[in-house]
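The values are calculated or read from the model by the stated rules, or taken from the named source; none is laboratory data. Everything quoted here is computed from the prediction, not taken from an experiment. Glycine gets a Cβ as well: all are built from the backbone with ideal geometry, and neighbour counts include every protein chain shown.
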Amino acid sequence: MMLELLKPRSWFAPPHPLITRNREIFAKFDQSRPLTEYTFVVCDTELTGFDLKRDAIISIGAVVIRDLQIDLGATFHRYIRPKDITHTQATLIHRITPQQLAEAPPLEEVLPAFVEFAGSSLMVGHCVALDMGFLNKAARKILGGTLSNPGIDTIRMARGYRRALSGHFHGEDDWSHNYSLEALSKEYNLPAFKPHDALEDAMQTAYLFLFLLKKFRKGGLLTLKDIYQAGRVGSVWS
Amino acid sequence: MTAFKENDVHAVAPEVAISFFKGIMPFDTLDEETLRSLARHCRIDFFPKGTRLLTADVTELTHLYFIQRGGVKAFLEDENGEVTLKDFRGEGAYIGALAIIRGTPANLNIETVEDTFCFLLPRDIFLGLIEKQASFAHFYLKSFSEKIVTTAYNELRHHKVTRRSNEDLYLFSIRVGDLVKTLRKVAASATIQEAASLMTEHRVGCLLIHDALDAERIVGIITDRDLRGKVVAAGLDFQQQVQTIMSSPVQTVLSQSLCFDVLLKMMDTGIHHLAVERAGKIIGVITSHDIMLLQGHSPYYLFKEILGQQQISGLYPLANKIPDVIRGLIGEGAKAGNITQMIAILNDHILERMLTLLQQELGAPPVPYCWLLLGSEGRREQTFKTDQDNAIIYSDPEDEAQAQAAAAYFKAFAAKAIDHLVNCGYPLCPGEVMAVNPLWCQPLSSWKHYFERWVSEPDPQELRYATIFFDFRAGFGEAALAESLRAHLNRHIKGRDLFLFHLARQSMETRAPLSFFKNFIVERDGEHKNRLDIKKQGLTPFVNFARVLALKFGVNETNTLARLKALRDGDWIQGELWSSASEAYELQMQQRLVHQLRQIEAGTIPDNYIDPADLSDLERRMLKDAFTVIERLYGVLDQMYPVT
């Protein structure tokens, strides 16, 4: 035990093998391949609140898009038992009962499973930074490092799409536009899902993403790089 | 990642796919487990408006498409770039089934006409379903299984016609074999008194009579009425043998006949005691009374009231009860063919009773005559309160005096009859094709001349309104006159190809719609309309087709279903075409009846316009298939009478 402590690297816990592999995958990430060659994981997390310090993830839902199609055989949906089970006001708006949470596994079990599920896919979300913020905070703690999966934000894609349609930047007008998942789904006449359920929200986001991606593609944007540049829709995580 | 696929409790099959498939045929017949597994194999794709999904003869299908949101058009393109629209498909429709089943490339070009989301079901999974589930093979191979047709009828009945009370209705479920009572019979050589005491002993109103030497051979029947009329009232010696008063031979029905059909036969023939036969053997008797006991609201009551009416004005309210009877029949599951037969019988009896009473009032006619029914009445295809289409044909008068007397008599007779019919609720014919019009109240020779002219020198303009005359039948009076006219027409029509040519080409003028798309009906030119004229676009093509061929081949029937059957029996049309056409025609008649019944109940005047928004998916599918049958019928006509 004492000898272990003397090793310099052990002062900082080494990252979990999952993180190491995740880093390797994206070390040589290439944005210039055709869109069809990427796999995307569209995810949504349900939170007890938006405070990164105090709030916790209580559910993760995700669906996979490969060959630019939603693969209904590959979905991910787990509830997570929060550390402080009493601090669960958010369950009022989520479709989760306290009972379900009490029976759920802790994040320590769910997160590695999710990282494995995400694999080499790009991470897609509606306001993906919020979800990734919570996931990475947990990843740092549980796995000793953050995820390297590049992210794509459907809100920024929708802004880019709107801009492309009208041919100019809306400026202030754009800020009055409703970019909520529900409003955009309605605007584009997408099939509607029940809100406030991680898997249903992920599915709704996947429809929105597929819609926007294929619209961009019809407009001649064929690689991931094209999408990033046209919409300035995301960033490569670091 | 594969670890999260199959068999993972957390890999829930998304509800979206399951609920989608639960809502469409024939997937709605699958159990939950099969649906879940199937849903997990699906993918969802999005195709922006204007995307080409399939190219005819090129695209190999790796999966079947189901439209979740949006719509597509199907079309063909010839080498000159000429485009023929084939179909529009909306939410819930599938794409590519035929090509997968046949193992060929796509047979149509498919392009999205809106932003479209589709579920993609892998080819092998689909083929597996076709192999394992009988309902799938039926559905996708486009052969209407009995089950789908029944479902369609049930749907029409349950969703569109609400029962007024909880009365249990049996006419269409009970077979006469189940109603028949113990066979009671007596030898033909027994005395009338012996027979009567046997009837009293068994408390029955009729008795079968068997051969004196062979008890198994039924030779006749006697009823209470015979005892009253032929024996007591006539002062006959009741030691006479019973065979002197029996009715013979006995009319029979098969034990498996539905009560409804038996009732129709009784009403049609006026014979109320029928022997029931099973496997060639008489097993008993069924009477109208037995059937009436089944239900309180039988058409039979109305029928009896009509027969018993002594005043013409007493017929008015009775005629207005017909819709009630029809409602009951629809609710009970009667098919349109049966219902229109029942309507025709009731209308015929009203007419018969009315003209009988009228004749009593005006005195006997100077020459025999026949009241002719034309158009839909002639075809026994009236629904609710259709316009009058009638005429009078009378024997050729022997001299000028008789001719004048006949003209005067029938003029007055027709005028009164038409008025009474209006009071009964049959509106006047706007084209004045009625017996009151002197043109259509003529002796046999004039009628022969009319038809000769229509047939030999066809004037397309005139033919257009003359078609209803070709569906004439005897309504009341001397049926032989109508038969003689029909025989004359058949003789005359032989070889008159120009007449049949015009008739055939006119039949093809109304094109069937192409498809349904959302709440619209799509015409062949791609135009979207929000209403379907089910009579003009849906039914008339069948009527016209059957008429042209019936005239060509000398089929005497006027009813469309009967004409089609006669054409099949005569091998003039294929059995498959006959069954598809009959089914499609009858289902549309049903649709029309239900539509009109609902309008009557809502207090509006019945019409033929159906709003596609009111149709269920199944109804749309059945109608759409009916449209394709129409195109096949036109194909037959076109081949017989091509435009050179």
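At a glance:
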item	result
Residue under evaluation B:ARG473, criteria (1) touching a strand residue (DSSP E or B) at 6+ places or on another chain (Cβ under 7 Å); (2) without any contact (Cβ under 8 Å) to a residue 60 or more places away in the chain; (3) under 28 Å from B:ASP569 (Cβ atoms), criterion not met	(2)
Filter result (free of Cβ contacts under 8 Å to residues at least 40 places away in the same chain and in contact with a helix residue (DSSP H, G or I) (Cβ under 6 Å, 6 or more places away or on another chain)) within region B:490-509	none
In region B:422-445, the residues that are within 25 Å of B:VAL555 (Cα to Cα) and exposed (fewer than 15 other Cβ atoms within 10 Å of the Cβ)	B:SER445
Residue within region B:37-44 that is in a strand (DSSP E or B) and at pLDDT 90 or above present	yes
Per-region count, region B:340-358, residues hydrophobic (A, V, I, L, M, F, W, C) and surrounded by fewer than 20 Cβ atoms within 10 Å (Cβ to Cβ)	3
Residue check, B:LYS416 more than 21 Å from B:LEU485 (Cα to Cα) and either aliphatic (A, V, I, L, M) or not in a loop (DSSP other than H, G, I, E, B) (or both)	yes
Whichever residue in region B:590-614 is under 27 Å from B:ASP387 (Cβ atoms) and hydrophobic (A, V, I, L, M, F, W, C) and, among such residues, is surrounded by the fewest Cβ atoms within 10 Å (Cβ to Cβ)	B:ALA602
Pairs, first surrounded by fewer than 17 Cβ atoms within 10 Å (Cβ to Cβ) in region B:387-403, second small (Gly, Ala, Ser), C-beta under 6 Å, six or more apart	B:ASP396/B:SER445
Positions within region B:52-78 being surrounded by fewer than 16 Cβ atoms within 10 Å (Cβ to Cβ) and either part of a loop (DSSP other than H, G, I, E, B) or more than 14 Å from chain A (Cβ to nearest Cβ) (or both), in sequence order	B:THR55, B:ASP57, B:VAL58, B:GLU60, B:THR62, B:LEU76, B:GLU77, B:ASP78
Residue that is surrounded by the fewest Cβ atoms within 10 Å (Cβ to Cβ), among those in region A:49-68 that are more than 17 Å from A:GLU108 (Cβ to Cβ) and more than 14 Å from every other protein chain (Cβ to nearest Cβ)	A:LYS53
In region A:112-140, the residues that are in a loop (DSSP other than H, G, I, E, B) and under 11 Å from the mean Cα position of the chain (by Cα)	A:SER121, A:HIS126, A:CYS127
Among the residues listed as B:ILE345, B:ILE330, B:ILE350, the single one being assigned to a helix (DSSP H, G or I), β-branched (Val, Ile, Thr) and closer than 30 Å to B:GLY220 by Cα	B:ILE345
Every residue from region A:106-136 that is more than 14 Å from chain B (Cβ to nearest Cβ) and either over 20 Å from A:THR39 (Cα atoms) or charged (D, E, K, R) (or both)	A:PRO106, A:LEU107, A:GLU108, A:LEU130, A:ASP131, A:GLY133, A:PHE134, A:ASN136
Of residues in region A:180-220 being over 17 Å from B:ARG69 (Cβ atoms), buried (at least 22 other Cβ atoms within 10 Å of the Cβ) and among the small types (Gly, Ala, Ser), the one farthest from the other protein chains (Cβ to nearest Cβ)	A:ALA198
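Yes/no per residue for (1) within 28 Å of B:ARG43 (Cα to Cα); (2) modelled with pLDDT of 75 or more:
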| position | (1), (2) |
| --- | --- |
| A:ASN22 | yes, yes |
| A:GLN31 | yes, yes |
| A:LEU35 | yes, yes |
| A:ALA62 | yes, yes |
| A:LEU68 | yes, yes |
| A:HIS77 | yes, yes |
| A:THR91 | no, no |
| A:PRO106 | no, yes |
